[in-house]
Amino acid sequence: MPEYRPERVGGWDPSLLVDVVIPVLNEAHVLARSVATARQFLAESLPCRWRVVVVDNGSTDGTDRVARELTNQFDDVRFLQLPQRGRGRALRHAWSQSDADVMCYTDVDLSTELAALPRMVHSIVADGYDLATGSRLLPNSRTTRSAKREFISRCYNLFVKAVLWTSFSDAQCGFKAISRGAMADLVPDVRDQSWFFDTELLVLAE
């Protein structure tokens, strides 16, 4: 990574490049709105270079058409397409070919508040962390989920803690950031190409 110089732009190096990856599967109905929201937030809140990277893996509803229209309209939007499905596969592909200093991802519904993204990036470029993740299960977290989803999520995370002796609170939150160096070290060793990608990544990182 480039040398971080705290004196620049209130603690941010404007030459830093951040990729915000949005993996999508049949999200034509919401993609344009989500990208517009993300772009506006990043322009107002992230004082460095950034890109929104849409990764479509297996959509059949015209998501690719919407994504291509966005790349034609905006220089800061990129589009990657894979025929196979799997969130892990999409993130692996996008992160592995990225030249960004920090790579993030968020679910297309932007269910985790974007206000947390600059804090995640800053923890990596300024505080020396390799990976940062959101959590829906911390005491101060506020979520709106069905009782069934909440129960399943808590049971899964308790199982992960009990079996693998991990300390992170939420293995599957769709909101993460990773340094370029940590990505190169960790992602090649993650085997799952789908839903368990996040859990494997966090376990390896810890």
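Under 6 Å between Cβ atoms, at least 6 apart or on separate chains: pull out the pairs that start in the range 90-117 with a residue that is modelled with pLDDT of 95 or more and end on any residue that is open to solvent by less than 10 Å² (accessible area, probe 1.4 Å) and part of a loop (DSSP other than H, G, I, E, B).
Here the result reads 101/16, each pair linking the range 90-117 to a residue that is open to solvent by less than 10 Å² (accessible area, probe 1.4 Å) and part of a loop (DSSP other than H, G, I, E, B).
So which of 196, 168 ends up being surrounded by 13 or more Cβ atoms within 10 Å (Cβ to Cβ), among the hydrophobic types (A, V, I, L, M, F, W, C) and modelled with pLDDT of 75 or more? Give the derivation first.
Values: 168 fails: modelled with pLDDT of 75 or more.
Exactly one of 196, 168 is surrounded by 13 or more Cβ atoms within 10 Å (Cβ to Cβ), among the hydrophobic types (A, V, I, L, M, F, W, C) and modelled with pLDDT of 75 or more, namely 196.
Determine, yes or no, whether residue 187 is of a type in the set (Val, Ile, Thr), modelled with pLDDT under 90 and open to solvent by less than 50 Å² (accessible area, probe 1.4 Å).
Numbers: of a type in the set (Val, Ile, Thr): yes; modelled with pLDDT under 90: no; open to solvent by less than 50 Å² (accessible area, probe 1.4 Å): yes.
No.
Would you mention how many residues in the range 171-184 are open to solvent by 10 Å² or more (accessible area, probe 1.4 Å), in contact with a Ser or Thr (Cβ under 9 Å, 6 or more places away or on another chain) and among the small types (Gly, Ala, Ser)?
Within the range 171-184, residues that are open to solvent by 10 Å² or more (accessible area, probe 1.4 Å), in contact with a Ser or Thr (Cβ under 9 Å, 6 or more places away or on another chain) and among the small types (Gly, Ala, Ser) number 1.
Residues to consider are 60, 37; find the one that is open to solvent by 20 Å² or more (accessible area, probe 1.4 Å) and in contact (Cβ under 8 Å) with a residue 60 or more places away in the chain.
Working: 60 fails: in contact (Cβ under 8 Å) with a residue 60 or more places away in the chain.
It is 37.
Any idea which of (1) loosely packed, with under 15 Cβ neighbours inside 10 Å; (2) assigned to a loop (DSSP other than H, G, I, E, B) is the one residue 111 doesn't satisfy?
Exception for residue 111: condition (1).
Out of (1) of a type in the set (A, V, I, L, M, F, W, C); (2) modelled with pLDDT of 95 or more; (3) surrounded by 14 or more Cβ atoms within 10 Å (Cβ to Cβ), what's the single condition that is false for residue 43?
Looking at each condition in turn, residue 43 falls short on (3).
In this structure, does residue 135 turn out to be at pLDDT 65 or above, within 30 Å of residue 67 (Cα to Cα) and open to solvent by less than 80 Å² (accessible area, probe 1.4 Å)? Talk me through it step by step, then tell me what you get.
Values: at pLDDT 65 or above: yes; within 30 Å of residue 67 (Cα to Cα): yes; open to solvent by less than 80 Å² (accessible area, probe 1.4 Å): yes.
Here the answer is yes, as residue 135 does meet what is asked.
Answer yes or no as to whether residue 80 is at pLDDT 95 or above and crowded, with 19+ Cβ neighbours inside 10 Å.
Working: at pLDDT 95 or above: yes; crowded, with 19+ Cβ neighbours inside 10 Å: no.
In short, no.
The values are calculated or read from the model by the stated rules, or taken from the named source; none is laboratory data. Computed from a prediction, not measured in an experiment: that's the story for all the values here. FYI the Cβ positions are ideal-geometry reconstructions off the backbone, even for glycines, and counts take in every protein chain you see. Protein only, heavy atoms only, side chains kept; ligands, DNA and RNA dropped before computing areas. Shrake-Rupley method; radii C 1.70, N 1.55, O 1.52, S 1.80 Å.
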